[in-house]
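S.K.: The structure under discussion is supplied below as structure tokens; questions concerning it will follow.
The values are calculated or read from the model by the stated rules, or taken from the named source; none is laboratory data. All of these numbers come straight from a predicted model, not from anything done at the bench. With ideal geometry, Cβ positions are generated from the backbone for all residues, glycine too; neighbour counts draw on all protein chains shown.
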Amino acid sequence: MSEPHPRTVVVLAAGEGKRMKSSLPKVLHPLLGRTLLGHVLNAAEPLVAQRTMVVVGHGADQVRTHLAEVAPESTAVFQAEQLGTGHAVRIALEAAPEATGTVVVLNGDVPLLRPETVRALVAAHEGEQAAATVLAAQVPDPTGLGRIVRDDAGRLRQIVEQRDASPEQLTIREINAGIYAFDATRLREVLGKLSTDNDQGEEYLTDVFELLVAAGEPVAVHLAADHTETLGCNDRVELAALRRLLRDRVNERWMRAGVSLLDPATTWIDVTVALDRDAVVDQNTQLQGGSVVGSGAVVGPDVTLIDTVVHAGATVLRSHAVGAEVGPGASVGPYAYLRPDSRLAEKSKVGTFVEVKNAEVGAGAKVPHLSYVGDATIGARANIGAATIFVNYDGVNKHRTVVGEAAFVGCDTSLIAPVEVGAGAYVAAGSAIATDVPPGALGVTRAPQRNIDGWVARKRPGTVSAQAAERAVQSASSEGSAAREGEAIHGTAESVGTAAEAGDTATE
Ligand code: UD1
Ligand code: MG
């Protein structure tokens, strides 16, 4: 009964997809984490086929490059001219003369197909020992698709294309999904007999059914329960519709798995993303590639994560992250940009208008406002004041900055790499630090402040500033202060050390 069936998968992907109006071959257009072709290959994966052949033609080099990435075990078969779906399958089988058992053919532009549907089709086909089985669906609008023509007893007689159909056949709403299982031997026999006697002058794979019926071979129809699985993609309007359908399918799966999606209609999760129970995703959020969101983490609103891991209990708000890792309980945003290899340790904070690249932010460390952190290691519990810039690039090379544990860097500081601020060291606000600050020391590079009295009255007379200054001076003098005449320059060198020591060097 259940002797093993060797299987061969043939994916048809040589067409141009004219109506996409794109320099990218149609099957390479992306759809929530995979290309159209990638989705189809994924749907065929559970078949554990001996070989997977992909018929390529238009944009063959691009498609081959993609296959090398996503399905390196597959074989590309080149179809120089697109002479029809029957011709495509014929040359694929000619390239695999050893293939026996079941041949599963899938159109490369039917990306919503579920693996379990392909499995069920093949199981039915092999169980019935049919010569050919077609996946069909009842659809609300069959326009443009091949129709399943049955006889009075309900048996499949032929598949007729829209453009070759009679008015009566056009009323049929049962369509050919473009997914089939064939017995290899019997398929080979009839593929050689296909004519091009049709409206497009092509070899239609669908004509195989009529030929098999005429030869008295058993053919079957397998009906898809969910007709949206069989939708093809011919232009960008259809691609957008497919994207919405897949979004809803993915979102429903995650909600049923215990993830809160506060606004599923604006939440776009790639099929390759993983979320833990009790993760919360707020509106306008895109989770892409290999991103992962842990339990109790809150992501969104207005967040894009690409290949980014957000650990349990972390928060990411109105931010963009690529190739980053956000540690347990860490907080990101609003308006942060995490670039590749940003690693935020447990309970650290990257706040508003902060950009991080190739940097480690230690446990409990804070970079709360308006900073650039590039090529750096920040120790645990360090505090980086507002507007601190890690100056990592000298115009030719990138250099690294190390900030030690519990160090305290004042606002508006430049840390000019390579440089190290030791553990527990302080840096005075407004400093440009180019040499190491030892542990526990205060680093300060600020010039002494000087005030030039009366400068505005002399250099900017008549301005609103001059008028305001005059009023202030008058009211001060009317309060009994002695008005000063002439010009004086006051150096306040002593103020630098005292200000820093008084702790005006950072924000929280
Ligand atoms: C095909 C079916 C139609 C079915 C529909 C489902 C035929 C004759 N018709 O029509 O019954 O309802 O799919 O979507 O098969 N391709 C090649 N080489 C070729 C021609 C096509 O690789 O020479 C590939 C295309 O890239 C595409 C697939 O085969 O991925 C289907 O071809 P397409 O031209 O889209 O066929 P449809 O007209 O959609
Ligand atoms: Mg098509």
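S.K.: Go through the stretch 416-441 and report how many residues are more than 40 Å from the chain's Cα centre (by Cα) and not small (Gly, Ala, Ser).
M.R.: Final tally of qualifying residues: 6.
S.K.: Can you tell me which residue within the stretch 23-50, out of those that are without any contact (Cβ under 8 Å) to a residue 60 or more places away in the chain and surrounded by fewer than 18 Cβ atoms within 10 Å (Cβ to Cβ), is farthest from Thr75 (Cα to Cα)?
M.R.: It comes out as Ser23.
S.K.: A further question on this structure: Take the conditions touching a Phe, Trp or Tyr at 6+ places or on another chain (Cβ under 7 Å) and over 30 Å from Ala123 (Cβ atoms) and apply them to Leu261. Does it pass?
M.R.: yes
S.K.: Taking the stretch 244-271, which residues are out of contact with any Asp or Glu (no Cβ under 8 Å at 6 or more places or on another chain), free of Cβ contacts under 8 Å to residues at least 60 places away in the same chain, surrounded by 14 or more Cβ atoms within 10 Å (Cβ to Cβ) and not in a helix (DSSP H, G or I)?
M.R.: Residues satisfying the conditions are Leu261, Thr267.
S.K.: Moving to a separate point now. Conditions: (1) touching a helix residue (DSSP H, G or I) at 6+ places or on another chain (Cβ under 7 Å); (2) buried (at least 17 other Cβ atoms within 10 Å of the Cβ). Thr100 meets all but one. Number of the miss?
M.R.: Unmet condition: (2).
S.K.: Considering only the stretch 219-254, how many residues are farther than 30 Å from Ala184 by Cα and within 12 Å of ligand 1 (Cβ to nearest atom)?
M.R.: 2
S.K.: Could you grab me the full set of residues in the stretch 437-464 that are surrounded by 12 or more Cβ atoms within 10 Å (Cβ to Cβ) and touching a helix residue (DSSP H, G or I) at 6+ places or on another chain (Cβ under 7 Å)?
M.R.: Result: Leu442, Val444, Arg446, Gln449, Val456, Ala457, Arg460.
S.K.: Just checking, which of Pro25, Pro6 is away from ligand 1 (no atom under 16 Å from the Cβ) and over 13 Å from Asn107 (Cα atoms)?
M.R.: Checking each option against the conditions leaves just Pro6.
S.K.: Restricting to the stretch 410-463, what's the tally of residues that are in a loop (DSSP other than H, G, I, E, B) and either touching a Phe, Trp or Tyr at 6+ places or on another chain (Cβ under 7 Å) or closer than 18 Å to Ala376 by Cβ (or both)?
M.R.: Final tally of qualifying residues: 15.
S.K.: Scan Ala124, Ala120 and give me the residue that is away from ligand 1 (no atom under 15 Å from the Cβ), in contact (Cβ under 8 Å) with a residue 40 or more places away in the chain, in a helix (DSSP H, G or I) and closer than 24 Å to Arg34 by Cα.
M.R.: Only one candidate qualifies: Ala120.
So that you can scan it fast, the table gives a plain yes or no per residue for (1) crowded, with 17+ Cβ neighbours inside 10 Å; (2) modelled with pLDDT of 95 or more; (3) within 17 Å of Glu210 (Cβ to Cβ); (4) within 16 Å of ligand 2 (Cβ to nearest atom):
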site: Leu106; (1), (2), (3), (4): yes, yes, no, yes
site: Val110; (1), (2), (3), (4): yes, yes, no, yes
site: Val139; (1), (2), (3), (4): yes, yes, no, yes
site: Leu156; (1), (2), (3), (4): yes, yes, yes, no
site: Leu170; (1), (2), (3), (4): no, yes, no, no
site: Val190; (1), (2), (3), (4): yes, yes, yes, no
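S.K.: Does the stretch 44-101 hold any residues that are over 26 Å from Ala132 (Cα atoms), part of a loop (DSSP other than H, G, I, E, B) and of a type in the set (A, V, I, L, M), and which are they?
M.R.: Ala71, Ala80
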